[in-house]
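Beneath this line is the structure, given in structure tokens, with notes to follow.
Every number in this text was worked out from the coordinates using simple rules, so none of it is lab data. Values in this document were obtained by computation on a predicted structure and should not be read as measured data. Cβ placement follows ideal geometry from the backbone for every residue including glycine, while neighbour counts extend to all protein chains displayed.
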Amino acid sequence: MAGTDSEAVAAGDDDALYVLTAVLLTPAQFPSVLGDDYPEACAALGLAPLADGYGLVLGQDGDGARWTVVVDDVSLVAVAIASWDCGMEYDLSPDDRSMVAALPGWPLAVAVAAPGVPAPHDPSPEITEQTPLCPPDTSAWGAAQRRLGADEIALQWAAWREQIDETQFARTTTAKNAPDDASEQPGADGRGGRQPLSGVQRVLAEARSYVDAPPPLGRVRSSFAPGDARTLRADGPGWSMVARTDDIAFVLLDEKPGEILTVGRGPELPGLLEALDRMAVRPH
């Protein structure tokens, strides 16, 4: 994750934290690179999944060491992020009462550094006994990169949508109404045998199961989209799905490196997306 364009802020004493950026860690909005759901993202930082969530303030101390300050004042961090996104300055200085923990290292990649201090580095082992946080490895295709890919599609929906030729949609459906390729067919040995569901069919079946048995908090999230639509994000073991409630869905799979699969509206997708949107968590 790239840092914001905000300037570093110092508290003015020897324990100053030069704030570089901040992110929210809440059920409806968390760095998905850290996990498929909110509890998993919290576990990556050793935090309990509080209902109201946290704000993560990433910065450097006077020696240049990386620190992640966890605060429970989510509103304060949200205001700072919104201000920075609008190009405004905002002095994010959480007070001690809101501080939950000061964790060595950064759980996310930050592209900026504080001026006038040494280059970013992990704190000395003499300062902290805890292993410093570090960003998930995204150099090779896997869960972290798959979730980042879904993030990018959600952010740049229009650009991705323009590339889709709807005449090329593969026939897709859920296991509830099994398609031809999931019906009884001869196996490789000539005997009858049920073929496994395709990746997209498996994703749709698992997403539908979320409606009947709610998954861990944050597995399904709903956010703003133009018009009356919502942008839906759903994740599960080995898969991510991004959809618009009034449009199609994109699916990414761990088992298909770099591929982006599309799901057309068809007869089933609209109802599934509506049901997921009703049970999804939403930003306050």
Applying the gyration tensor rule to the Cα atoms of the stretch 200-284 (axes a ≥ b ≥ c; rounded if a/c under 1.5, else prolate if a/b exceeds b/c, else oblate), the class is rounded
Just rank GLU162, GLU206, fewest to most, by other beta-carbon atoms within 10 angstrom. GLU162, GLU206
For peptides 114-124, 211-221, sequence by mean Cβ density within 10 Å, most packed first: 211-221, 114-124
Within 14 Å, Cβ to Cβ, of ARG97, how many net charges do the neighbouring residues add up to if Lys/Arg are +1 and Asp/Glu are -1? -4
Take LEU155 and ALA140, extend 7 Å from each Cα along the Cα→Cβ direction, and tell me the distance between the two endpoints in nm. 2.5
Ranking request for peptides 105-112, 20-27: highest mean number of other beta-carbon atoms within 10 Å first, then the rest in descending order. 20-27, 105-112
At R0 = 35 Å, how high is the FRET efficiency between GLU129 and ASP254 if r is their beta carbon distance? Nearest 0.05 is fine. 0.55
From the gyration tensor of the Cα coordinates in the stretch 1-136, what semi-axes in whole Å does the equivalent ellipsoid have, largest first, with each one equal to sqrt(5λ)? 21, 18, 14
Would you work out the relative contact order for the stretch 64-126, in percent, from Cα pairs under 8 angstrom that are 6 or more residues apart? 53
